[in-house]
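Down below is the structure, laid out as structure tokens.
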Amino acid sequence: MNALTTVRLLLPELILLITGFVVVGVDLLRRRNDEGRSAAFIAVVGLLLAALAALALGLSGTAEIAAFTMAVDAYALFFKAATAIGIALVVIASVGYMAGRSRYLGEYYALLVFAALAISLAVSATNLVLVYLGIEFLSITSYVLAGYLREDKRSEEAAVKYFLYGATAGAVMLYGISLLYGATGSVDLVAVDQALQASGSSWLLGIVAIILLLVGFGFKASLVPFHQWAPDTYDGAPTPITAFLSTASKAAGFAVAGRVLITALPDFIDAWTALLAVLSMLTMSVGNLIALRQTSVKRMLAYSSIAHAGYILLGLAAIGVQEPFNGVNGLLIYIFAYLFTNVGAFMVVQAIEQHSGSNDLQAFAGLIKRSPGLALMMTLFLLSLAGIPPTAGFIGKFYVFAATVQQNLLVLAAVAVINAVIAAAYYLNVVRYMFFIETEEEKPVAIKPSLNAVLLINTVMVLVIGIVAQPFIAWASESVNMVIAAGF
Amino acid sequence: MVPTAYVLVLSAVLFTIGAVGVLVRRNALIIFMCVEMMLNAVNLSLVALSNQWGNLTGQIFVFIVMAVAAVEVAIGLAIVMAIVRHKDTTNVDEINLLKW
């Protein structure tokens with residue numbers, strides 16, 4: 001493979017890398033304080049270009065290995081495009097939020113771009129070394145971003161909790177990787193699979209390695225019981241970063257888990273699907289039950305985000321080869337729909353927070369009279385989170401639930417449906433506050449234009465995915481075909 | 001030469017000591033040192049396995065892990081420093097603004 005082909009295949013990563021450095025450079029060179037606007041602008045352009053490059057590569061049906069360690073296939077490109085778009089939205093939303101809170105804005109935007117680069121590397125990795133590197137790269141940028149408001153004690157606490165859990169989870173995952181290397185003598189995912197098959201792989205070793213790897217992936221995806229950091233970090237971190245951590249960063253965990261389990265450990269499919277089914281049930285039940293009794297909307301959304309990790313995991317637990325619900329395509333659709341829904345919901349919280357300084361349920365009271373537009377958008381996002389048609393969330397839920405039914409995992413499907421009902425209760429409680437609870441506050445919520453743009457984009461996307469679902473479903477299904485076919 | 005199995009057992013013991021330390025110690029810095037111990041336990045087993053398989057993958061991996069650990073130290077100490085400026089403590093039980 002010549003250098004030019006490699007450059008073409010790695011174009012999204014190269015764009016992100018260059019953008020990251022340019023953002024830092026521009027911030028150093030600027031003369032007057034523009035509150036990070038120029039840096040944010042460059043970051044958004046770079047992220048969107050990277051997303052376009054990934055989309056173009058994906059649509060041209062590329063499926064190659066670049067630099068011996070990176071699979072440039074539809075599966076990876078789907079996640080690259082989706083997360084780059086998600087992070088671009090987070091960057092735009094940060095402009096109004098971070099300006100008064102921190103003086104070091106160039107680095108902030110650069111770190112977000114580098115986080116996108118880390119996700120790109122992780123989702124492409126076909127090599128356990130790069131899997132580890134990609135996840136740690138993402139974790140380390142995320143620690144800094146979570147603790148970015150150095151004067152805010154809550155932000156610092158969010159960072160230290162995230163960091164201590166993350167460092168431990170990373171070490172445990174690394175031990176799992178070393179076990180796989182010890183059993184096979186290789187770190188390439190395909191070679192690991194072949195060596196395990198050839199040696200009549202030891203059952204016990206496989207299970208232990210899978211559990212240890214899942215600690216690392218589960219930490220990123222905030223699966224119970226590796227979720228303890230998540231509520232505190234989501235609550236304390238700057239709100240745009242919470243939106244990033246609960247969507248793009250989470251998507252990376254699922255993407256890597258999917259590729260590693262399907263490509264390197266298909267022999268153990270019965271073991272890991274059973275394990276994932278249990279984790280999935282635990283994750284959604286714990287997330288939803290604790291979310292029920294939250295009075296802060298930001299914290300409620302944090303727990304709801306844990307519960308959603310459980311639903312997303314259904315896709316992997318119910319993996320199969322039958323059309324049209326092979327599980328993994330449900331996982332992709334769910335993540336794509338969830339990206340816009342959850343970023344949107346956190347952005348409404350951010351608008352309220354900036355207006356009233358509080359993210360309590362009470363701050364949402366009577367919103368329909370004060371800012372009807374905002375209240376209606378929040379209602380839409382909450383309906384989408386609850387999975388009610390015609391929103392994006394419904395399509396995602398439909399695909400993962402259908403996969404569990406098709407795989408005859410009826411207990412799992414029943415638990416998921418009960419959880420969806422519990423979740424609807426606390427989502428609708430917020431709607432109740434916005435529409436029916438009276439308040440003395442009468443001022444409409446002032447929304448920064450940048451935040452308004454993000455809210456509008458999210459609203460449109462939630463409706464578009466919900467109503468014209470077909471192209472997105474086709475995109476997700478085509479993205480997983482190769483990975484599934486190669487694994488089974 | 002020391003058989004690989006011995007090294008792997010030593011590595012597992014070190015890893016366990018590190019993991020138990022993370023769970024029982026309450027000082028953020030000591031927790032962090034225990035994490036480093038877990039990483040180095042893995043490094044030890046990677047070197048031994050690399051020798052066993054006769055390829056250099058494990059050795060290269062060790063270098064990468066060391067680099068990642070160094071970056072983690074830099075970020076981790078910065079975060080702990082920021083906490084100490086606010087609260088004058090490294091005890092994780094006292095870092096409790098956010099709960100439930």
Checked pairs for region A:282-294, first closer than 13 Å to residue A:310 by Cα, second among the aromatic types (Phe, Trp, Tyr) and modelled with pLDDT under 95, C-beta under 7 Å and 6 or more apart or across chains, list as none
Mind checking which residues of region B:63-100 are under 15 Å from residue A:139 (Cβ atoms), of a type in the set (Gly, Ala, Ser) and either within 8 Å of chain A (Cβ to nearest Cβ) or free of Cβ contacts under 8 Å to residues at least 24 places away in the same chain (or both)?
-> B:67, B:70, B:74, B:76, B:78
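Table: residues versus (1) open to solvent by less than 10 Å² (accessible area, probe 1.4 Å); (2) farther than 24 Å from residue A:121 by Cα.
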position: A:211; (1), (2): no, no
position: A:216; (1), (2): yes, no
position: A:226; (1), (2): no, no
position: A:235; (1), (2): no, yes
position: A:252; (1), (2): yes, no
position: A:255; (1), (2): yes, no
position: A:265; (1), (2): yes, no
position: A:271; (1), (2): no, yes
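Applying the selection to region A:192-207, what residues are away from every other protein chain (no Cβ under 11 Å) and not polar (S, T, N, Q)?
Looking only at region A:192-207, we keep the residues that are away from every other protein chain (no Cβ under 11 Å), and these are A:192-194, A:196-207.
Correct list: A:192, A:193, A:196, A:198, A:200, A:203, A:204, A:205, A:206, A:207.
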Are any of the residues in region A:180-195 surrounded by 24 or more Cβ atoms within 10 Å (Cβ to Cβ) and in a loop (DSSP other than H, G, I, E, B)?
-> yes
Counted residues, region A:280-296 - those being open to solvent by 20 Å² or more (accessible area, probe 1.4 Å) and in a helix (DSSP H, G or I) | 7
Please specify each residue of region A:55-75 satisfying the condition of being assigned to a helix (DSSP H, G or I) and without any contact (Cβ under 8 Å) to a residue 60 or more places away in the chain.
-> A:55, A:56, A:57, A:59
Pairs where the first residue, in region A:178-191, is more than 7 Å from chain B (Cβ to nearest Cβ) and the second is crowded, with 19+ Cβ neighbours inside 10 Å and assigned to a strand (DSSP E or B), C-beta under 8 Å, 6+ apart | A:188/A:127; A:189/A:127
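Please work out if residue A:347 is open to solvent by less than 10 Å² (accessible area, probe 1.4 Å), touching a Leu at 6+ places or on another chain (Cβ under 7 Å) and closer than 23 Å to residue A:306 by Cα. If you could, list the steps in order and put the result at the bottom.
Details: open to solvent by less than 10 Å² (accessible area, probe 1.4 Å): yes; touching a Leu at 6+ places or on another chain (Cβ under 7 Å): yes; closer than 23 Å to residue A:306 by Cα: yes.
Against the criterion (open to solvent by less than 10 Å² (accessible area, probe 1.4 Å), touching a Leu at 6+ places or on another chain (Cβ under 7 Å) and closer than 23 Å to residue A:306 by Cα), residue A:347 qualifies.
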Scanning region A:386-435 residue by residue, those on the phi > 0 side of the Ramachandran plot and surrounded by fewer than 22 Cβ atoms within 10 Å (Cβ to Cβ) turn out to be A:408
In region A:148-179, anything crowded, with 22+ Cβ neighbours inside 10 Å and touching a His at 6+ places or on another chain (Cβ under 8 Å) is listed as A:156
Number of the condition not met by residue A:143 [criteria: (1) more than 7 Å from chain B (Cβ to nearest Cβ); (2) open to solvent by less than 30 Å² (accessible area, probe 1.4 Å); (3) in a helix (DSSP H, G or I)] | (1)
Hey, any hits in region A:38-58 for a residue that's in contact with a strand residue (DSSP E or B) (Cβ under 9 Å, 6 or more places away or on another chain) and not small (Gly, Ala, Ser)?
-> yes
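Looking at the structure I just gave you, is residue B:82 of a type in the set (A, V, I, L, M, F, W, C) and out of contact with any strand residue (DSSP E or B) (no Cβ under 9 Å at 6 or more places or on another chain)? It would help to see each step written out before you state the result.
On the way: of a type in the set (A, V, I, L, M, F, W, C): yes; out of contact with any strand residue (DSSP E or B) (no Cβ under 9 Å at 6 or more places or on another chain): yes.
Taking the combined requirement at face value, the residue satisfies it.
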Matching residues in region A:1-49 - criterion: being open to solvent by less than 50 Å² (accessible area, probe 1.4 Å), of a type in the set (A, V, I, L, M, F, W, C) and not in a helix (DSSP H, G or I) = A:10
When residue A:259 is run through (1) closer than 30 Å to residue A:432 by Cβ; (2) of a type in the set (Lys, Arg); (3) out of contact with any Asp or Glu (no Cβ under 9 Å at 6 or more places or on another chain), the failure sits at (1)
With respect to residue A:133, is the statement that it is open to solvent by less than 20 Å² (accessible area, probe 1.4 Å) and among the hydrophobic types (A, V, I, L, M, F, W, C) true?
-> no
Reported set for region B:14-53 where residues are at the interface with another protein chain (Cβ under 8 Å from one of its Cβ atoms) and open to solvent by 50 Å² or more (accessible area, probe 1.4 Å) is B:52, B:53
Spot the failing condition for residue A:324; the list is (1) open to solvent by 10 Å² or more (accessible area, probe 1.4 Å); (2) in a helix (DSSP H, G or I), and only one is missed.
-> (2)
Could you grab me the full set of residues in region A:465-488 that are touching a residue at least 24 places away in the same chain (Cβ under 8 Å), of a type outside the set (Phe, Trp, Tyr) and open to solvent by less than 50 Å² (accessible area, probe 1.4 Å)?
-> A:465, A:466, A:469, A:473, A:476, A:477, A:479, A:480, A:483, A:484, A:487
Being crowded, with 22+ Cβ neighbours inside 10 Å and closer than 30 Å to residue B:4 by Cβ, is that true of even one residue in region A:242-249?
-> no
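Being assigned to a helix (DSSP H, G or I) and more than 7 Å from chain B (Cβ to nearest Cβ): is that true of residue A:166 here? So that I can check it myself, show each step before the final result.
On the way: assigned to a helix (DSSP H, G or I): yes; more than 7 Å from chain B (Cβ to nearest Cβ): yes.
Spelling it out, residue A:166 is indeed assigned to a helix (DSSP H, G or I) and more than 7 Å from chain B (Cβ to nearest Cβ).
The values are calculated or read from the model by the stated rules, or taken from the named source; none is laboratory data. Everything numeric here is computed off the predicted structure, so don't read it as measured data. Cβ sites come from the backbone with ideal geometry, for glycine too, and all protein chains shown count toward neighbours. Side chains included, ligands, DNA and RNA excluded: accessible areas come from the protein's heavy atoms. Shrake-Rupley method; radii C 1.70, N 1.55, O 1.52, S 1.80 Å.
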